[in-house]
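**Q** Just dropping this structure here.
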């Protein structure tokens, strides 16, 4: 379990407290609020299937806010432009270096913008493709072929990229996959049950990694 040392905030994972996760709110005009049912559905799935104690109420948190440090896992999505201010960059760097985890899920159209902002965040650290042997693809559900393909988009192979801090995966960027769409209510995208199940299981692996490392 990660401890958030900045601001003296601790996340109590093993003391019976619920664990909070959040959606990242950012500037630039991109729809950070896309997929409103995604995280609540992922929370429900994880609580029912991998024995987590996630808070069913999912909040949004501004990238530049001190409240960011209240959340061990933060999810970011959208279709368009992303702009991080200097304060946003500093705050997010501190958050990730202090043990926080950011999952960025391209909802189609974010890629060209978010890569520039990731470069600002970690100018001296390369965004690398995560090997299929990484624990995030192994437990509690097995994904021997790596990140599953949920939506077609440009019909490219789904890819998982990461930023590692002292061998810990701190930033996960999922591209050409759209896990968030797979987490949404069934009637939103009319995905088959097996596709939604793959998305939720992969999401559970991400949550499991965050709360067990």
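Laboratory data are not the source of any read-out in this text; all were calculated from the coordinates shown. Given the structure is predicted, the values throughout are model-derived calculations rather than measurements. So basically every Cβ, Gly included, is an ideal-geometry build from the backbone, and we count neighbours across all protein chains shown.
**Q** With label points built 7 Å along Cα→Cβ from the Cα atoms of residue 97 and residue 197, find their separation and express it in nm.
**A** For residue 97 paired with residue 197, the spin-label model returns 4.4 nm.
**Q** Which of rounded, prolate or oblate describes segment 27-113 when judged by the alpha-carbon gyration tensor and an a/c cut-off of 1.5? Present the calculation step by step, with values, prior to reporting the outcome.
**A** On the way: a/c = 2.25, a/b = 1.30, b/c = 1.72.
Because a/c hits 1.5 or more and a/b fails to exceed b/c, segment 27-113 counts as oblate.
**Q** With the cut-off at 1.5 for a/c, could you classify segment 52-92 from its C-alpha gyration tensor as rounded, prolate or oblate?
**A** The shape class here is oblate.
**Q** Taking the DSSP beta bridges in segment 6-212 as the whole, what percent of them are antiparallel, to the nearest 5?
**A** Values: 10 of 28 bridges.
Bridges in segment 6-212 are about 35 percent antiparallel.
**Q** Any chance you could run the full-extension gain for residue 185 through residue 60? It's 0.36 nm times the residue separation minus the Cα-Cα distance, nm to one decimal.
**A** Computed gain between residue 185 and residue 60 is 43.1 nm.
**Q** When every alpha-carbon pair in the chain is counted, what percent end up more than 24 Å apart?
**A** 36 percent
**Q** Quick one: Debye curve from the C-alpha atoms of segment 130-213, no solvent, what's log10 I(q)/I(0) at q = 0.12 Å⁻¹?
**A** -0.34
**Q** Oh, and also: What residue among 128, 43, 82 shows peak mean-square fluctuation when the chain is described by a Gaussian network model with Cα springs under 10 Å?
**A** 128
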